[in-house]
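Here the structure comes first, spelled out in structure tokens, and everything after it is commentary.
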Amino acid sequence: WDNADFSRGVGTTFYQEFSTLNTDKPPFIRDVEAKVRQYLRSSYSAAWTLKITWEKAPVYAARTDTRKTITYQAVLTTDGFRSYILMLYQDGGMQWDYTRLTATNVLIGYT
């Protein structure tokens, strides 16, 4: 996600923290727990979750084109012992034209 460029005033980034240890869980947290259970086929109950959203982020360098944007999220969650990350993209996946990026070793995800 290092190729997002907010220098032209297009797009925004925001976050929301959920501390859910010994509290009622909002629908978003219940959905995160369900996804972890579904993908990993294990029990999971979130104690803490952080949702970060990059909304209408233009690709670097925004000085050339701010019309192609993408919205994506990272959701970090832990039960205090195990930690997970969900990486969510708008419908249709990554929309940036990676052939026009300065880097040639483009990777979606993390290693």
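Derivation of every value follows stated rules applied to the coordinates shown; laboratory data play no part. Note that the structure is a prediction, hence the values are computed from the model and not measured.
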Query raised in the report: Share of Cα-Cα pairs in segment 12-100 beyond 17 Å, in percent?
Result: 55 percent
Query - Vicinal HN-Hα couplings computed from phi for segment 78-86 (Karplus, 6.51 cos²θ - 1.76 cosθ + 1.60; Hz; Gly/Pro x) - result: 8, 9, x, 10, 10, 10, 9, 10, 9
Requested in this report: Report the extension gain between residue 83 and residue 38 in nm, rounded to one decimal, defined as 0.36 nm multiplied by the number of residues separating them, less their alpha carbon distance.
Outcome: 14.7 nm
Report summary line: Length gained, residue 94-residue 31, 0.36 nm per residue minus C-alpha separation, equals 20.4 nm
